[in-house]
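Comments concern the structure below.
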Amino acid sequence: MSNEDHTNHDHAHDDIGCIEAIEALYAYLDGELDDTSREDFERHMSHCRSCYSRAQMERALSERMKQEGKAKAPAELQSRLKALIDDF
Amino acid sequence: MLVLRAENLCECRCGAPAALKVRPINRATMTEADDDKTFFSRNIEENLDAFYGVALRLTGKRADAEDLVAEAIARGWTALNTLEDRHRFRPWLFRILRNCFISEYRRKSIRPVETVYDETDTGDGDVSTFLMEESDDFLRWWASPEQAFFNNVLAEDIATAMNELPESFRVTIQLVNVEGLTYDEAAEALGVPKGTVRSRMKRGRTLLQKALWAHAMDAGLTPSASKVKTDE
């Protein structure tokens, strides 16, 4: 990532930088940031186009991975387990 | 006349020898046992797809995944008394599933030798370090991800990229991203600190991006690859 800071410097005095935002991105998408960190992250997103588009892409990719990663247990497995549990 | 000692008489004091008495059914115990089985069965049914999905992510083979799930469920039933909080059934059984995999299937799993990552590293600085190592083409795309690239990423590209990840990253992403476990639940399922889950999620996803980028380059989907083809 370039060292160029994409932030609007008018907000720089109370804003996290792009590096810090990117480091927090995945935890944010997973709902794992505490309130303060989440607010800092969202504040940065509100005026950094680059980080915002990156976050949107990561969110879409996560959704895509969720769809592609879901599996359906085969019917044979369901029958097998029903018989197994019935014998418990 | 045979006189039985008090300790050999039926406990209900009917006078009959204890050894001959059919013990009355303890309704409370029987009800409790039924509740355990009902509880267990219901939770297995509700979460079977998730258990199978993680098993498939671990083993890479459908038949092995089915056997792994069956083994884990059998072990889970015998170890039900170790479940302290019934609301934590999912992470509890995921942990049993993974332990079964480690003890029974990992050595049979045919996977390439994996890069070992330092799990003691919290992962801070992972993403920025990763980006600093990447090419200018990737970084330009990273800074301005193109919808066209994303739309053209195929299901098999994602599946291949996931399967290429080290096992620890792969299963963590499956648990959190796909099956929706919190970091706390995933930590319990994997038997690792919460910070390790966070680190694996960061590193795993950045590695995934790298793999998808490589696939896109090979397929001519990236801007630089397209330009090369145009110039040819």
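The values are calculated or read from the model by the stated rules, or taken from the named source; none is laboratory data. Given the structure is predicted, the values throughout are model-derived calculations rather than measurements. Cβ coordinates were reconstructed from backbone atoms using ideal geometry, including for glycine residues, and neighbour counts include every protein chain displayed. The area values use the complete protein model at the heavy-atom level, side chains included, leaving out ligands, DNA and RNA. Shrake-Rupley method; radii C 1.70, N 1.55, O 1.52, S 1.80 Å.
Determine whether region B:181-188 contains at least one residue that is at pLDDT 90 or above and more than 14 Å from chain A (Cβ to nearest Cβ). Checked against the condition, which is being at pLDDT 90 or above and more than 14 Å from chain A (Cβ to nearest Cβ), region B:181-188 yields at least one hit. The helices (runs of 4 or more DSSP H) falling completely within region A:13-88 that include 1 or more residues that are facing chain B (nearest Cβ under 9 Å) and under 24 Å from B:ARG203 (Cα atoms) map to A:18-29, A:49-69. Considered as a group, the residues in region B:38-51 that are facing chain A (nearest Cβ under 7 Å) and open to solvent by 10 Å² or more (accessible area, probe 1.4 Å) include one that is farthest from B:PRO91 (Cα to Cα), and that residue is B:SER41. Selection over region A:29-87 of residues that are closer than 30 Å to B:SER41 by Cβ and open to solvent by 70 Å² or more (accessible area, probe 1.4 Å) gives a count of 12. On the given criteria, is B:LEU48 at pLDDT 95 or above and aliphatic (A, V, I, L, M)? Spelling it out, B:LEU48 is indeed at pLDDT 95 or above and aliphatic (A, V, I, L, M). Once region B:73-94 is narrowed to residues that are within 12 Å of another protein chain (Cβ to nearest Cβ) and in contact with a Phe, Trp or Tyr (Cβ under 7 Å, 6 or more places away or on another chain), the residue that is nearest to B:GLY53 (Cα to Cα) is B:TRP77. Here's a check for you: in region B:52-63, which residue that is in contact with a helix residue (DSSP H, G or I) (Cβ under 6 Å, 6 or more places away or on another chain) and open to solvent by 30 Å² or more (accessible area, probe 1.4 Å) is nearest to the other protein chains (Cβ to nearest Cβ)? So the residue we want is B:LEU56.
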